[in-house]
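*Asks:* Take this structure first; my questions come after.
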Amino acid sequence: MKRRTFLRNTAASASLLSVGALGLESCAMTRKKQVTILHTNDVHSHIEPFPDTHSRWPNLGGVARRASLVGQVRNENPNTLLLDAGDMFQGTPYFNFYGGELEFKLMSKLRYDAATIGNHDFDNGIDGLLAQVPHAKFQLLSANYDFSNTVMDTFVKPYQVFTLDGIRVGVYGVGIALEGLVLKKLYKETQYLDPFEMALDTERILKEDEACDLIVCLSHLGYDYQNPNRASDTQLAERTENTHLIIGGHTHTFLDKPDVRTNAKGQPVLVNQVGCYGINLGRIDFTFGPESLESEGWTISV
């Protein structure tokens, strides 16, 4: 397959971003196929929309509206994944009262496919997180949190592979360092592994062993920092080799369209984050054709 690394901004509404050929060798086919990635991050137990009187986000957000949007997109394209980049818990009385049960039940109703674990998802302790796992009808993913010596052992996978219209989509998760951010008594014996090393290992498995056509990272590292010693999504994008899309969280960064970075092989990788509190729903469309993969990404207000 001929590789094209040019970028072009289209004149379409919502400032669609088109990226030509993200370096996939395995997408030879006779017709175009489209995979849609919908995503949220840092919803923080915001079940209802903000009130009309809110100074910053009046009448925005809410699970019901998100459900309606997700349903519309799935009707347009059944080959759709719904993903979350962590911090599903903490932020409203719903979490204080239900401990995360309502959040997981509603995400299951919306048919989320996978989510990674944010630092606030430990706020009721690792035992509190385990108590809510039966309510999650989606897969929890983390490649760099080692839960083997905890009660969460076997309940979190490093990655998951989804097949949509013959396209194999590999999704993996990475999380932020917990020490100094979360009390030790809450995460207990959870071991934090280097996110860059684990991302490289996992994306290699997804590409070589799992034969994935598209590789997505759910990251709760944070978009970008002035301190170069803090692991971030932008650093992750530049160090990885086979990841095509990084869906971020933690820093509550509002991006209108994906940030395009260059990976370690000199190929483009998309980094996206849609703020917080369920105000926005991210959407990335990947179109697979005979010779290339193209993507369009934007943010939808809920």
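The values are calculated or read from the model by the stated rules, or taken from the named source; none is laboratory data. Keep in mind the model is a prediction, meaning the values are calculated, not measured. Note that each Cβ is placed from the backbone with ideal geometry, even for glycine, and that neighbours are counted across all protein chains shown.
*Asks:* Enumerate the helices (runs of 4 or more DSSP H) found wholly within the stretch 181-253, keeping only those where 2 or more residues are closer than 15 Å to residue 263 by Cα. Before the answer, list the steps.
*Replies:* On the way: elements: 184-187, 195-204, 233-239.
So the answer is 195-204, 233-239.
*Asks:* Which of the residues spanning the stretch 64-97 are in contact with a helix residue (DSSP H, G or I) (Cβ under 9 Å, 6 or more places away or on another chain) and over 27 Å from residue 143 (Cβ atoms)?
*Replies:* 67, 94
*Asks:* Here's a follow-up. Determine, yes or no, whether residue 234 is closer than 21 Å to residue 81 by Cβ and polar (S, T, N, Q).
*Replies:* Working: closer than 21 Å to residue 81 by Cβ: no; polar (S, T, N, Q): yes.
Spelling it out, it is not the case that residue 234 is closer than 21 Å to residue 81 by Cβ and polar (S, T, N, Q).
*Asks:* Are any of the residues in the stretch 120-139 at pLDDT 95 or above, within 17 Å of residue 250 (Cβ to Cβ) and touching a strand residue (DSSP E or B) at 6+ places or on another chain (Cβ under 6 Å)?
*Replies:* Yes, because at least one residue in the stretch 120-139 is at pLDDT 95 or above, within 17 Å of residue 250 (Cβ to Cβ) and touching a strand residue (DSSP E or B) at 6+ places or on another chain (Cβ under 6 Å).
*Asks:* Among the residues of the stretch 208-253, write down those that are surrounded by 19 or more Cβ atoms within 10 Å (Cβ to Cβ) and on the phi > 0 side of the Ramachandran plot.
*Replies:* Matches in the stretch 208-253: 222, 250.
*Asks:* Same structure, new question: Among what's in the stretch 122-167 and is within 27 Å of residue 74 (Cβ to Cβ) and aliphatic (A, V, I, L, M), pick the residue that is surrounded by the fewest Cβ atoms within 10 Å (Cβ to Cβ).
*Replies:* Of everything passing the filter in the stretch 122-167, 133 is surrounded by the fewest Cβ atoms within 10 Å (Cβ to Cβ).
*Asks:* Taking the condition of being closer than 20 Å to residue 168 by Cβ and either among the charged types (D, E, K, R) or at pLDDT below 95 (or both), how many residues in the stretch 69-92 meet it?
*Replies:* Of all residues in the stretch 69-92, those closer than 20 Å to residue 168 by Cβ come to 74, 77-83.
Applying the additional criterion that residues be either among the charged types (D, E, K, R) or at pLDDT below 95 (or both) yields 74.
Result for the stretch 69-92: 1.
*Asks:* List the residue pairs whose Cβ atoms are under 6 Å apart, where the first residue sits in the stretch 103-117 and is more than 15 Å from residue 87 (Cβ to Cβ), the second is small (Gly, Ala, Ser), and the two are 6 or more positions apart or on different chains.
*Replies:* These pairs meet every condition: 110/67.
*Asks:* Still on this structure: Tell me whether the stretch 127-142 contains one or more residues that are outside any strand (DSSP E or B), of a type in the set (Gly, Ala, Ser) and touching a residue at least 40 places away in the same chain (Cβ under 8 Å).
*Replies:* Our first condition is that a residue be outside any strand (DSSP E or B); within the stretch 127-142, this holds for 127-138, 142.
Checking the rest, the ones that are also of a type in the set (Gly, Ala, Ser) come to 128, 131, 136, 142.
Narrowing further to those that are touching a residue at least 40 places away in the same chain (Cβ under 8 Å): none.
Scanning the stretch 127-142, I find no residue that is outside any strand (DSSP E or B), of a type in the set (Gly, Ala, Ser) and touching a residue at least 40 places away in the same chain (Cβ under 8 Å), so the answer is no.
Conditions tested, residue by residue: (1) of a type in the set (A, V, I, L, M); (2) modelled with pLDDT under 95; (3) under 19 Å from residue 170 (Cα atoms).
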| residue | (1), (2), (3) |
| --- | --- |
| 237 | yes, no, yes |
| 241 | no, no, yes |
| 244 | no, no, yes |
| 289 | no, yes, yes |
